[in-house]
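The values are calculated or read from the model by the stated rules, or taken from the named source; none is laboratory data. From a predicted model like this one, the values you see are computed outputs, not experimental measurements. Note: ideal-geometry Cβ built from the backbone for every residue, glycine included; neighbour counts use all protein chains shown. Remember, those area values only see protein heavy atoms, side chains included, never the ligands or the DNA or RNA. Shrake-Rupley method; radii C 1.70, N 1.55, O 1.52, S 1.80 Å.
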Amino acid sequence: MGLLAILATLAVIALLAGLTIPYWFGRHEVTLDNAARLLARDLQAVQNRTAFLGEPARVRFHEHGWEATDSAGEVLTRYGGEEPFARRLDADAVFEGVTLQAIAFGDDAALDLGTHGEPLEEGSLVVTFRGERRLVRVTLPHGEVLIEGLARGPAGEGN
């Protein structure tokens, strides 16, 4: 009898999870805001890596993600690890439907970083999900990464 109760409980939990998880990640405050924050964190991590190693870098953006490369065009790995600085939002079910639009970083949709992690020009892009949008800007002279339009967020991020 105890085993049946446990199995019934697990079945109810699985059913509730199956119904609520898609709803939760379908909310723009969750999926869109987290995608914008992930982009901002990756940009800051590339800036830090570039400054620490004293090597310039380039972050290329496309509709479904971004990648950071060195001056030879090789994809960078995170400092001290093997994970590449490359994201494909359409390859991650959590970010399904998130796209990058209005990419305004130079003529080639790329952000170039100098040897101190500073951007060589400022720019912006729009992260979208189901009609909602968040503007991500990189400012001069120090490369501050700002997110405008977050539904909620820590200090320093625009609302």
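Structure notes:
- With respect to the conditions (1) modelled with pLDDT of 95 or more; (2) farther than 30 Å from HIS142 by Cα, LEU39 lacks only one, and its number is (2).
- Between ARG88, ARG134, the distinction of being within 25 Å of ALA151 (Cβ to Cβ) and surrounded by fewer than 15 Cβ atoms within 10 Å (Cβ to Cβ) belongs to ARG88 only.
- Selection of the stretch 94-117 for residues being open to solvent by 20 Å² or more (accessible area, probe 1.4 Å) and either of a type in the set (Lys, Arg) or within 20 Å of PRO141 (Cα to Cα) (or both) yields ILE103, ALA104, GLY106, ASP107, ALA109, ASP112, THR115, HIS116.
- Within the stretch 110-131, the residues that satisfy the criterion of being within 23 Å of THR31 (Cβ to Cβ) and either hydrophobic (A, V, I, L, M, F, W, C) or touching a Pro at 6+ places or on another chain (Cβ under 8 Å) (or both) are LEU125, VAL126, VAL127, PHE129.
- Screening the candidates GLU83, GLU63, GLU74, GLU55 for the property of being among the acidic types (Asp, Glu), open to solvent by 30 Å² or more (accessible area, probe 1.4 Å) and touching a Leu at 6+ places or on another chain (Cβ under 8 Å) yields one hit, GLU63.
- Candidates GLU67, GLU144, GLU74 - the one that is over 26 Å from VAL30 (Cβ atoms) and without any contact (Cβ under 8 Å) to a residue 60 or more places away in the chain: GLU74
- Within the stretch 118-131, if we keep just the residues that are hydrophobic (A, V, I, L, M, F, W, C) and open to solvent by less than 20 Å² (accessible area, probe 1.4 Å), the residue that is farthest from ALA68 (Cα to Cα) turns out to be PHE129.
- For GLY114, the conditions (1) in contact with a Lys or Arg (Cβ under 8 Å, 6 or more places away or on another chain); (2) modelled with pLDDT of 95 or more all hold with the exception of (1).
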